[in-house]
Amino acid sequence: MPRTLAATRFWNWVRRNLMRPRALQVVKITIAVAIAWSLAPLMPGTAKEFPYYAPLGALLSMHPTLARSIHSSVQTLAGVLIGIGLAGIVLIVSEPTVLTLSLAVGLGTLIGGMKWMGAGGEYVPITALFVLIIGGPDADGYSIGYATQICLGIVVGLAVNLLILPPLAIGPARERLSGFRKTLATHLTEVGDALVESWPPGRDDWATQGETLNVAARQVRTAVQTADESRKGNPRAWFTRANLDTDYDALLALENVTFHIRNLTEVLAGMVWGKPIALELPPELRPVLSEALHAVAAAISAGDDDARQPHLLDQAGVAIEAILRKMQQEIGAGAASLSPTAAIVIDLKRILMALRPKTDREAVSAPIG
């Protein structure tokens, strides 16, 4: 029993610390570099004289996803070969001089800056420079050794990345989606609290969170795209039936929600402080508006797989209708006071529409007849 408990604790520690994407990547890089360095002296011919380039190739091939590793490795090899070719042209035409060296590096930088070169672009001028300066009179041998060892390192890096827990970033992406939901819900809750605590509200941090929400949305989109990319060619993806289509739908919905939250936040800020546009909010509308914001926040925090979501969406819809009824009672307040509130109601309704299942949204937006 003690041994079983110790083994369980050890495995939990491994999962908690070493199985994290960044920590796992560090371990894999360390292993790949060690293997490449060990194999480098075994290469035939002049290649074994340049063993230090094998660990470099292994390092260059290690990326968060297999697809990106392969793509980047191909680009790196292309950059190395083009750089060797430029250096070869210089050596055929004349001996390396200040002029020819500068031209080779300049042309290599120009070629490397092309979009299709990608990650390998920077290695075009570097390789040309290495061959001309370090290779010197033995440029041919150096070029062969350099390219061979880089290739060895890349092959080792790709093999390690493939065989040792190839990265599958679906879990982290879904955690970010869940965290983003909570961020949006918390923001609306804080705005709702501010409307009924005091007037004008003592806290104004909610009014300046627009760009923060946009940054969070971009980070979530990057995480979902990385998760999608991590499935390509990944053996681990064969054993998981994860369908990221639903995650993309959720992401699009939350991006739409973010847009409308920013809109209503700016309107409310104008009602409170007159910035960026001076607007009015009748005191009688603050409680119902606060209740609606809290109800919509609860609907946002419930994910698509939450059984409570349909009920929470309906509750939020009822709370929004309460704003409209209150506005009808206060119609004597004038358009200048009620129009901004109507704009908030529209944003809240659009948020609820974005949160509903995709089939419901399509049914509502489909043309009649």
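Quick rundown of the values:
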quantity	calculated
Exceeding the 24 Å Cα-Cα cut-off - candidates 48/115; 182/232; 182/349	48/115; 182/232
HN-Hα J in Hz across segment 37-45 - Karplus 6.51, -1.76, 1.60, θ = phi - 60°, x for Gly and Pro	5, 6, 7, 4, x, 8, 5, x, x
For peptides 88-100, 312-324, 139-151, sequence by mean Cβ density within 10 Å, most packed first	139-151, 312-324, 88-100
Listed peptides 54-62, 280-288, 125-133 by packing density, highest first (mean Cβ within 10 Å)	54-62, 125-133, 280-288
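Every number in this text was worked out from the coordinates using simple rules, so none of it is lab data. What you see is a predicted model, and the numbers here were worked out from it, not measured in a lab. Here Cβ is always computed from backbone atoms with ideal geometry, including for glycine, and neighbour counts include all displayed protein chains.
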